[in-house]
1. So is Q475 out of contact with any Gly (no Cβ under 9 Å at 6 or more places or on another chain), of a type outside the set (A, V, I, L, M) and modelled with pLDDT under 70 or not?
2. Taking N383 as the residue in question, decide whether it is over 17 Å from C345 (Cβ atoms), at pLDDT below 85 and exposed (fewer than 15 other Cβ atoms within 10 Å of the Cβ).
3. For residues that are more than 27 Å from E196 (Cα to Cα), of a type outside the set (D, E) and either touching a residue at least 40 places away in the same chain (Cβ under 8 Å) or surrounded by fewer than 14 Cβ atoms within 10 Å (Cβ to Cβ) (or both), tally how many sit in region 130-173.
4. Out of all the residues in region 219-250, which are at pLDDT below 85 and under 26 Å from K480 (Cα atoms)?
5. For S376, are the conditions met, namely being modelled with pLDDT under 90, of a type in the set (S, T, N, Q) and surrounded by fewer than 21 Cβ atoms within 10 Å (Cβ to Cβ)?
6. Could you tell me which of the residues T295, T357 is among the hydroxyl-bearing types (S, T, Y), surrounded by fewer than 23 Cβ atoms within 10 Å (Cβ to Cβ) and touching a Cys at 6+ places or on another chain (Cβ under 8 Å)?
7. Might you check whether a residue that is surrounded by 14 or more Cβ atoms within 10 Å (Cβ to Cβ), at negative phi, touching a residue at least 40 places away in the same chain (Cβ under 8 Å) and not in a loop (DSSP other than H, G, I, E, B) occurs anywhere in region 396-405?
8. Against the conditions (1) closer than 30 Å to S495 by Cβ; (2) modelled with pLDDT under 95; (3) more than 44 Å from the chain's Cα centre (by Cα), where does F593 fall short? Just the number, please.
Amino acid sequence: MKLNKIFKFLISSVLLIVQIISFSFFSYSLILYKGVETFYRYYGIAILLYLLLFMSYLLFRGIKKKNWTGFIVSAIVTILIIGVEAFGYYYLNKIYKSIDSYSENTNEYYSVLVTYNKSYNSYKDLNNKTIGIVNDKKDIEGNILPNEIINELQLSDNNTIKEYTSTMELLYELKNNEIDAAFFSRNYIDMFSSLEGYEDIEDETKVLYEKSKIYDSNEEDIKDANATLTKPFTMLLIGVDSSKDGVTSGYNGDVLLLVTFNPKTLRASLTSVPRDTYLKTACSNGNYRRINTTTWGSSSACAVKTIENLFGVNINYYAKINFKGVVQLVEAVGGIDIDVPYSICEQNSSRSWGNNTVFVEKGKQHLNGEQALALSRNRHKPNDGSNPGKKMAQYCPTYTDGSRSDYTRGKIQMKVILGIIKAATKMTDPNQAIDILTTIKPNFQTNIKTNDVLSLYGLGKSIIINDSANLVNIQRMQLKGYGVYKYVYDPSSKSYPAVTIPYKGSINDIKKEININLGKSKATLVKKASFDLNNLYQDIVVGQGSYSESRISVLKSMSGYSVDQIKNYARSNGLTLKFIDIDTNETLSLNNFNEYSFHSQKEHKDTILELVKTLTIYVKKKDIQ
């Protein structure tokens, strides 16, 4: 009899200890979910505490009793409670950790030392040479890590280190043998191969040294302290064009999508900004750059501030996803349904053709990850003169349908995003959600904190309960511009880039809709409507109207102008004018070209005029017989 009591006591003690542990862990996991069903979470904890005390009472009461049946039933119920608590803790904690992992503050960055001189085999071959870096002290891969490498390898002992104000200028100097080697992000091939003149950079260059290091994130905290996902907010989604995993290394921001969402009205706007948009960026000292290069410094800060300046809005959050992450995300939600406007073929996520060429046919299709990405990236046709166009002509010469451009690509990208959202709303298995969070983690980064994500629970619950998922109104918007290829000269790249200048009217139309959605202004009431079966309603894309604006002014060539005409041109455009003798470097005061003739001008013609402050004319004295 005594042995039975001892055995029951040991069993009861073990079960009690295990239940206390499981109760503690499960309660802790419930407490983590702040703002999610607060009443029910604490009510549940109270019930579990009551069960803990009640089952403890039953177990120890059973020690005194001779009834083994009651004791065994109590033990089994206790084990079941422990199992439920352990199961709940496992899933709740796993989901929370998956969400919380996106708030990590450290990233791994990579820098490579690159040369166009194939005779060099390693950094040790650099002796009495010139090595270039950018002078941006916040750029980890272009300045901070390279300086550490320079000190570590003692490269400055027998070489000259030259700093540049822009990555584009550094790249130009390297290609044209003005310097012997330069530091870039390890993604430099992806960053530069789409630029005119650098299509073959992978074959033409060699990496002499590579190093990676973990640093605190250089993503500046752009979130307003009062921002929350339960109030109207803005977010910038950045699609990272990289053939390698990761989102922390330098890259082209080839997808820039400004999202606004108003939880009160369930109204969202998606604004696509084409990658070739050419404008003053927030990190180029007032100079013009292609907008997809605002992410070259391995930070989102420049892209965020540039979009803020463009549309006059404060961006509360950002999120960036590698194109490989898009593939993983689409696969994780089981594929997406898209009505494909025209048949396309593309390289895969690793930029491979051949057997890896991705084909997508016209019509309603269920796309896998690689197909969804290929459709999102496509903007070329076979033999359109581009490097991708030449590859398409080789692997899929008949895929020539559709009008393809940055604008059509932006519309398709919105379709893909909406397809992903629609597929994600059909998920019911928590393991699937965990798998998605875990799978895309290496290729996704955001400044949305865990508490912000949890705050969305109430909104999501309201939408589901009221079956109002279809009531979420999404307004599509797209920035429109005009092409200036061969018209505008870019001083940093010393070339005529294929870029577009945004229409001011398009910018203003988008601004207006953004302010309406954020509750900063009221929408104009439409009092009339018409319906025509022969002209069915089509969803309007804001920002794609018909805009009549003169092209941006550029600097003219003064060759063939008289002195008076040059002076009048400089005066009317606020330019400081100088005439300089090309032979003596002496500044002259000229009234005509009687003794001198026009030789050249210092400022390159076709430079955007607002960027030019001076007009320097070099003249040469005539040989008077």
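1. Against the criterion (out of contact with any Gly (no Cβ under 9 Å at 6 or more places or on another chain), of a type outside the set (A, V, I, L, M) and modelled with pLDDT under 70), Q475 does not qualify.
2. Judged against the criteria, N383 is not a match.
3. Going through region 130-173 one residue at a time, the tally reaches 11.
4. Passing the criteria: V240, D241, S242.
5. Criteria not met by S376.
6. T357
7. There is no residue in region 396-405 that is surrounded by 14 or more Cβ atoms within 10 Å (Cβ to Cβ), at negative phi, touching a residue at least 40 places away in the same chain (Cβ under 8 Å) and not in a loop (DSSP other than H, G, I, E, B).
8. For F593, the failing item is (1).
The values are calculated or read from the model by the stated rules, or taken from the named source; none is laboratory data. Note that the coordinates shown come from a computational prediction; the quantities given were computed from them, not determined experimentally. Positions of Cβ are generated from backbone atoms using ideal geometry, with glycine treated the same way; all protein chains shown enter the neighbour counts.
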